[in-house]
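Working notes, beginning with the structure itself.
Values quoted throughout were computed directly from the atomic coordinates according to the rules given, and no laboratory measurement underlies them. Model, not experiment: these values are computed from the prediction.
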C-alpha cells in the first residue's frame, strides 16, 4: 500500500510539473501553488517510508485485532 501511495504521489508531481510547464507561471501566487503541489507529495512520500507503523492508528488496529482474536479463542474454548 505504501508503494502504491508513493507511485500516486510521484505521478501527481509529474502532472503538476507538466501542467505548469504548459501554462507557465506568471504571478507569485502561481509559484505558491506550484511549490505546495510539488512539496506536499514529497513530504508525504518521506512520511510514508520513514514512519515504521507505531503510530496511534496502527496500534489501535492491532489492539482491536488482538481483542477479537481473544474473543474467538474464548468462544472456541467454551464450545469444547
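So between residue 70 and residue 18, what do we pick up on full extension, going 0.36 nm a residue minus the alpha carbon distance?
Extra length from residue 70 to residue 18 when fully extended: 13.5 nm.
What relative contact order, as a whole-number percentage, does the chain give when Cα pairs under 8 Å and 6 or more residues apart are counted? Please list the in-between numbers first.
Working: 23 pairs, mean separation 28.0, N = 80.
Relative CO of the chain lands at 35 percent.
Between residue 63 and residue 47, what is 0.36 nm times their sequence separation minus the Cα-Cα distance? Round to one decimal in nm.
Working: separation 16, 0.36 × 16 = 5.76 nm, distance 2.30 nm.
Extra length from residue 63 to residue 47 when fully extended: 3.5 nm.
Before rounding to the nearest 500, sum -39500 (n - 2.57) across all DSSP H runs of length at least 4 in the chain and divide by the residue total; then give [θ] at 222 nm in deg cm²/dmol. Mind dumping the intermediate values first?
Details: 3 runs with 69 residues, N = 80.
After summing the helix terms and dividing by the residues of the chain, the value is -30500 deg cm²/dmol.
Hey, what angle do you get for helix 2-23 against the long axis of the chain, alpha-carbon based, 0 to 90 degrees rounded to 10?
The helix 2-23 is inclined about 20 degrees to the chain.
Pick the calculated Cα extents along the principal axes in Å for this structure from (1) 33, 28, 20; (2) 74, 18, 18; (3) 86, 28, 12?
(2)
May I ask for the angle, rounded to the nearest 10°, between helix 28-50 and the longest principal axis of the chain, with both axes built from Cα atoms and the value confined to 0 to 90°?
30
Once the piece of chain linking residue 79 and residue 25 is laid out straight, how much longer is it, given 0.36 nm per residue of separation minus the C-alpha distance between them? Intermediate values should be presented prior to the final figure.
On the way: separation 54, 0.36 × 54 = 19.44 nm, distance 6.99 nm.
Roughly 12.4 nm would be gained on extension.
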